[in-house]
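Undergrad: This structure is in structure tokens; I'll ask about it shortly.
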């Protein structure tokens, strides 16, 4: 998977409480953008057909920031091993990230299990993007947030990796069905709907798994003395207090199109980015704030 990582770098200038969100006009002026202090995104899965790269590019365009954390599974090495899929939009995402770093934004990449090939480069920088096994971010109001992907708290990944690969293949199949279903829904004028998200919400064992994962991550963050934790991995956007620790999961860019942002005053917001279909406009919905 070193080849996939190396292939991504040269693509960009060498190695050189709930609230309504007002619509933002689609122009290039700084005032039209929702400038924030920090952004966390994860589980983009570049290299797969399910990656919603255009929506991510639109989100990043409208959210300039001082810190950008890539919280794992940015490139899907598991799928790229089986077949090469890398359209122009995925190039554009890599170039956008490199451009952010060149313009002075601190970009930190914390690899996940799908891009674990990059973990061997922890401590190095590529095109201004720092690679780290984990990170700690201090908010404007003084809270220390532990930043990890989260796969180390997944018993399936740690104890039965073959089962994780099987689950990944089944997940890809579900996403393929989901794309066909939403193509039909778009033609009927219906909004986007996540089949896999619906199934996960309906399966009790999946909900138990999510609860155990969230509790384990929050417990370890508290043990390390942090006030909060930001992770990804389970593709379930969430922000809530668990045992006195603020647990934040920034979701994914395959189904939910969610990100965590820190505003200039230190307030955290979980944002669902929903580009309007068949237009260059967009909308956003605030999910939670803390």
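None of the figures in this text is laboratory data; all of them are computed from the coordinates on show. Remember, predicted model here, so these are calculated numbers, not experimental data. Because the Cβ atoms are built from the backbone with ideal geometry, glycine has one as well, and the counts that use them run over all protein chains shown.
Undergrad: Tell me, 45, 272 in order of fewest to most beta-carbon neighbours within 10 Å? Working shown, then result.
TA: On the way: 45 28, 272 16.
Listing 45, 272 from fewest to most nearby Cβ atoms yields 272, 45.
Undergrad: Could you order peptides 103-112, 69-78, 224-233, 117-126 by the average number of other Cβ atoms within 10 Å of their residues, highest first?
TA: On the way: 103-112: 20.2, 69-78: 27.0, 224-233: 22.4, 117-126: 15.3.
My ranking of the peptides, most packed first, is 69-78, 224-233, 103-112, 117-126.
Undergrad: Now for a separate question. Between residue 240 and residue 103, take the C-beta separation as r, use R0 = 25 Å, and let me know the FRET efficiency to the nearest 0.05. All intermediate terms of the calculation are to be shown ahead of the outcome.
TA: Numbers: r = 34 Å, r/R0 = 1.35.
Efficiency at R0 = 25 Å is approximately 0.15.
Undergrad: Run the numbers for residue 143 and residue 190: contour at 0.36 nm per residue of separation, minus the present Cα-Cα distance, in nm. Please report the intermediate quantities before stating the final value.
TA: Values: separation 47, 0.36 × 47 = 16.92 nm, distance 4.09 nm.
Once the chain is fully extended between residue 143 and residue 190, it gains 12.8 nm.
Undergrad: Given an 8 Å cut-off on Cα distances and at least 6 residues of separation, report the relative contact order of the stretch 45-156 as a percent.
TA: 26 percent.
Undergrad: Another one. Using 19 Å as the cut-off for backbone N distance, which residues of the stretch 59-101 belong to the label zone defined by a point 7 Å from the Cα of residue 216 along Cα→Cβ?
TA: Counting only backbone N, you get 72-73.
Undergrad: Let me ask something else. Just to be sure I understand the model, the point goes 7 Å from the Cα along the line to the Cβ. What's the resulting residue 121 to residue 264 distance in nm?
TA: 3.4 nm
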